[in-house]
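The structure appears right after this line, and notes come after that.
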Amino acid sequence: MPSFVERLQALIDGAKFRKIPVAQIFHVEDSEPFSLASGYVVSLAELSFTPDAVFHKRRHSALIGSGLDVWLVQHGIRRLIVNSAGFFDCEVHSLAAAPFTAIVAAKL
């Protein structure tokens, strides 16, 4: 995964340089392994950045119940760059409900 992490770090660095907000969205559940208490719901250790916002989602779509939808509207964000190490199912559900343009940067 080193190539993925290097490219993801470059994507994050480029966004930060251009003052584009970077948000992290974690899937969480009440019990293992996706509970916050498990210690597994964390950013990749190899990445170095401070997100502008962090959201915890409990459904496939990050736009339902996480607060992400409100944050995007409040910040006037209408275009997204989406990336994920395990990309597909959850991201597709989120993008299907999105009232904005998304650029999918999967499996960099």
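Key figures
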{"read-out": "Subset of region 64-86 (residues that are in contact (Cβ under 8 Å) with a residue 24 or more places away in the chain and assigned to a loop (DSSP other than H, G, I, E, B))", "value": "Ile64, Ser66, His75, Ile77, Asn83, Ala85"}
{"read-out": "Close pairs (6 angstrom Cβ cut-off, 6 or more residues apart or separate chains): farther than 13 Å from Leu80 by Cβ in region 19-30, in a loop (DSSP other than H, G, I, E, B) and modelled with pLDDT under 90 anywhere", "value": "Phe26/Val41; His27/Phe34; Val28/Phe34; Val28/Val41"}
{"read-out": "Matching residues, region 89-108, being assigned to a loop (DSSP other than H, G, I, E, B) and either within 18 Å of Lys16 (Cβ to Cβ) or at pLDDT 85 or above (or both)", "value": "Ala105, Leu108"}
{"read-out": "Residues of region 47-63 satisfying the condition of being in contact (Cβ under 8 Å) with a residue 12 or more places away in the chain and either assigned to a loop (DSSP other than H, G, I, E, B) or over 13 Å from the mean Cα position of the chain (by Cα) (or both)", "value": "Leu47, Ser48, Phe49, Pro51, Asp52, Arg58, Arg59, His60, Ser61, Ala62, Leu63"}
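Each row is one residue, and each column tells you yes or no for (1) touching a strand residue (DSSP E or B) at 6+ places or on another chain (Cβ under 6 Å); (2) at pLDDT 80 or above; (3) surrounded by 15 or more Cβ atoms within 10 Å (Cβ to Cβ); (4) not small (Gly, Ala, Ser).
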residue	(1), (2), (3), (4)
Ala23	yes, yes, yes, no
Asp30	no, yes, no, yes
Ser38	no, yes, no, no
Ala45	no, yes, no, no
Leu72	no, yes, yes, yes
Phe87	no, no, yes, yes
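The values are calculated or read from the model by the stated rules, or taken from the named source; none is laboratory data. On a predicted model such as this, the values are computed, not experimentally measured, just so you know. Every residue, glycine among them, receives a Cβ derived from its backbone with ideal geometry; neighbour counts consider all protein chains shown.
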